[in-house]
Amino acid sequence: MQIIRGLEALNEAYPDTVLTIGNFDGVHLGHQKIFSRVIERAKEIKGTSMVMTFEPHPVKVLAPEREIKLLTPFEEKAKIIESTGIDVLLCAAFNREFASLLPDEFIEDVLVKKINAREIIVGSNYAFGKNKKGTVDILRRRGRKFGFNVRVVRHVKINGVIVSSSNVRNLLIRGSVNGVSNLLGRAYSIEGTVIKGKGRGKNLMDIPTANITTPVEISPKEGVYAVRAAFNGGIYDGVANIGKNPTFGNSNTSYEVHLLNFSYNILGKKLKIFFIERIRNERIFPDVHSLEKQIRRDIEYAKEILRIKNPKLI
């Protein structure tokens with residue numbers, strides 16, 4: 001997949017572009033349904049499948065007070081989109097100037113003159129242009145004028161719940177990583193760099209843990225989780241803790257993972273953690289021995305979970 005950063009970098013004329021437009025935060029099953037239609041249609045007309053997204057997220061520019069927390073940093077979003085089979089990912093810089101484009105200006109200057117889209121496929125709630133005044137009906141009418149077709153993909157529902165980025169966030173905040181996996185079509189993950197920790201796991205309990213620093217803006221609710229981890233081409237089972245380690249009186253949130261049957265020195269290396277199921281809340285233990293006993297029970301419980309559950313990993 002080719003990644004183009006900025007509309008000004010779009011210099012190549014792609015043949016018969018089939019385009020979709022959106023933020024696609026989380027790249028959930030609703031987004032994936034749209035991508036499938038784009039790819040399918042591009043193959044039918046021997047054209048180019050293209051996704052247009054924005055950086056930063058428009059809400060961060062237009063309504064920073066909402067403090068929206070993104071599910072996927074751009075690099076991670078690009079990897080997931082690439083895995084669907086899209087040909088080109090176009091990332092437009094979103095700023096107030098871009099946001100001020102009227103619907104007709106966006107259609108003519110960007111979609112027609114810059115991208116030369118032949119077909120545009122969007123979700124049923126798609127809106128665009130200044131103050132989101134642009135609607136699917138407007139897009140269709142202008143399509144008849146400028147020579148592109150518009151197709152609409154209805155939202156996806158799972159167990160009566162609409163698959164949306166906001167619903168994914170809500171489940172994640174509650175710690176329902178299993179529910180999140182159902183909406184994403186894969187296990188939710190975070191990626192980070194292993195840093196030096198306090199050494200308590202190995203020195204006090206003989207249960208070594210990897211401490212991770214990560215740029216993610218949102219993560220599952222504090223607690224203990226059965227996880228899988230990707231490192232150096234391998235996948236390892238494990239138990240992760242997100243929280244403040246209240247038994248030791250810490251005040252900062254940390255990400256720690258104990259990997260099973262793992263003996264590599266990974267300090268300074270990248271580690272990707274996939275959350276499979278929540279085990280329990282964090283809590284204060286009266287002493288280190290009690291904490292160790294609970295962690296060993298957590299490990300055995302995680303083994304049982306991971307023997308049964310095997311969601312898709314990306």
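Please specify each residue of segment 112-141 satisfying the condition of being among the basic types (Lys, Arg), in contact (Cβ under 8 Å) with a residue 12 or more places away in the chain and either out of contact with any strand residue (DSSP E or B) (no Cβ under 9 Å at 6 or more places or on another chain) or outside the structural domain of residue 9 (by TED's automatic domain parsing) (or both).
114, 130, 133
Name the single residue that is nearest to the chain's Cα centre (by Cα) among those in segment 223-240 being under 17 Å from residue 280 (Cα atoms) and of a type in the set (Val, Ile, Thr).
So, considering only residues that are under 17 Å from residue 280 (Cα atoms) and of a type in the set (Val, Ile, Thr), the one nearest to the chain's Cα centre (by Cα) is 227.
When residues of segment 196-213 are filtered for being at pLDDT 90 or above and either among the acidic types (Asp, Glu) or surrounded by fewer than 17 Cβ atoms within 10 Å (Cβ to Cβ) (or both), how many remain?
1
Kindly indicate whether residue 47 is at positive phi and out of contact with any helix residue (DSSP H, G or I) (no Cβ under 7 Å at 6 or more places or on another chain). I'd like the intermediate steps shown before the answer.
Numbers: at positive phi: no; out of contact with any helix residue (DSSP H, G or I) (no Cβ under 7 Å at 6 or more places or on another chain): yes.
No: the conditions fail for residue 47.
For segment 93-188, please list each of the helices (runs of 4 or more DSSP H) lying entirely inside it that holds at least 3 residues being out of contact with any Cys (no Cβ under 9 Å at 6 or more places or on another chain), at pLDDT 95 or above and under 24 Å from residue 12 (Cα atoms).
Details: elements: 96-99, 136-146, 165-174, 177-184.
The qualifying helices (runs of 4 or more DSSP H) are 136-146.
Being buried (at least 16 other Cβ atoms within 10 Å of the Cβ), without any contact (Cβ under 8 Å) to a residue 12 or more places away in the chain and either outside any helix (DSSP H, G or I) or in contact with a Lys or Arg (Cβ under 6 Å, 6 or more places away or on another chain) (or both) is the requirement here; does residue 68 meet it? Can you show your working first?
Working: buried (at least 16 other Cβ atoms within 10 Å of the Cβ): yes; without any contact (Cβ under 8 Å) to a residue 12 or more places away in the chain: yes; either outside any helix (DSSP H, G or I) or in contact with a Lys or Arg (Cβ under 6 Å, 6 or more places away or on another chain) (or both): yes.
Taking the combined requirement at face value, the residue satisfies it.
The values are calculated or read from the model by the stated rules, or taken from the named source; none is laboratory data. Predicted model only: the values in this text are computed from it and were never measured. Heads up, the Cβs are rebuilt from the backbone with ideal geometry, glycines too, and the neighbour counts pull from every protein chain shown.
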